[in-house]
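Below: the structure, in structure tokens.
Just so it is clear, none of the values below were taken in a lab; they were calculated from the coordinates. No experiment lies behind these values; they were computed from the predicted model shown. FYI the Cβ positions are ideal-geometry reconstructions off the backbone, even for glycines, and counts take in every protein chain you see.
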Amino acid sequence: MPHLLQIQGLRTNFESDRGVAKAVDCVDLAIDEGQTLGLVGESGCGKSVLALSILRLISPPGRVSGGSILFEGRDLLQLPERHMRSVRGNRIGLIFQEPASALNPVLSVGFQVAEVLMIHRGLARREAMQRAIELFRVVSIPEPERRVREYAHQLSGGLQQRVMIAIALACSPSLLIADEATTALDVTIQAQILDLLRRLRKEYRLALLLISHDLGVIAEMADRVAVMYAGKIVEEAPVRELFRSPRHPYTAGLLRSIPTRDDTGESPRRLHAIQGNVPDLTQLPPGCAFHPRCPDVMDHCRTRGPSLDNGPGGTRVACFKYE
Ligand SMILES: Nc1ncnc2c1ncn2[C@@H]1O[C@H](COP(=O)(O)OP(=O)(O)OP(=O)(O)O)[C@@H](O)[C@H]1O
Ligand SMILES: [Mg+2]
């Protein structure tokens with residue numbers, strides 16, 4: 001069966017007087033129906049740019065400069081803008097970190113759900129509002145009949161994120177992109193939103209592209225994990241494989257940076273951040289972009305970049321250690 005989403009050779013650049021930042025550099029990724037792909041990597045490595053490129057929401061100075069994004073049998077990069085508009089919100093939903101900034105402050109939250117149904121499904125206002133109430137129930141917003149009439153500022157961050165999920169789900173998309181969707185929420189609310197996503201994923205066979213800094217969230221939710229560094233995918237593997245035996249030195253470093261409890265289970269152990277800093281994408285070092293920070297660096301890593309090669313059990317890694 002073809003993949004639900006298949007990205008091939010995707011490149012997105014940002015041009016400035018400082019040079020060209022290759023925020024997404026020749027990325028290949030696939031997601032199957034109902035599958036959750038976790039995407040991790042340090043700040044600035046290109047995760048959000050990748051998500052926005054899929055939805056064709058990159059604006060100047062950014063530009064998608066190559067590749068293809070096959071989704072439900074069509075290349076999104078070739079679609080006329082009006083068809084793309086119906087893909088957004090209709091077939092692919094997006095939720096991100098700041099629900100408050102995504103919601104319109106002067107429209108009731110219920111109307112914002114209804115509006116999507118009026119635009120994409122041609123429902124009349126009354127029907128659409130009725131459906132909004134049902135969707136509020138689906139995302140477990142208490143007292144939906146009352147809540148639909150409220151405004152964003154009257155809702156907690158957790159409820160605002162549920163409204164965003166209701167909007168994203170209104171037209172039964174097959175793919176939901178969640179970009180740090182629970183990062184700003186406190187731990188209890190975060191757990192509730194993740195539970196909700198898990199339930200929706202099962203009930204609607206929803207595929208999920210889950211972007212998160214939080215490896216704990218990824219470990220709990222993802223089927224497969226892709227690790228991004230300086231615009232490139234450096235490793236991809238089934239979630240258990242990746243956490244049990246990370247292959248790329250960068251992945252290993254990320255996993256070590258998860259704060260864990262020491263043997264007594266009392267105080268959180270020291271956080272092992274990876275040495276060095278994320279490179280400026282306009283000034284990448286030659287060879288493998290990770291080499292200045294890599295504990296396993298070899299001579300040729302400084303001059304040549306490794307390709308992302310297939311390994312055993314559906315894994316991929318871009319590192320000369322495995323050539
Ligand atoms: N509006 C912009 N103008 C110029 N460059 C940009 C812009 N947005 C992104 N970039 C470039 O793209 C790179 C990747 O940004 P992106 O927002 O995708 O990072 P991220 O992985 O989502 O980080 P975070 O974890 O902090 O959300 C940045 O490091 C920057 O070089
Ligand atoms: Mg981001």
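Points to keep in mind about this one:
- Helices (runs of 4 or more DSSP H) contained in segment 1-104 and holding at least 3 residues within 16 Å of ligand 2 (Cβ to nearest atom) and in contact with an Asp or Glu (Cβ under 9 Å, 6 or more places away or on another chain): 47-54
- Criterion: of a type in the set (D, E, K, R) and crowded, with 21+ Cβ neighbours inside 10 Å - qualifying residue of 205, 199, 162: 162
- When segment 71-87 is filtered for residues that are in contact (Cβ under 8 Å) with a residue 60 or more places away in the chain and buried (at least 18 other Cβ atoms within 10 Å of the Cβ), only 71 remains.
- Every residue from segment 202-223 that is part of a loop (DSSP other than H, G, I, E, B) and either within 14 Å of ligand 2 (Cβ to nearest atom) or out of contact with any Ser or Thr (no Cβ under 6 Å at 6 or more places or on another chain) (or both): 205, 206, 212, 213, 214
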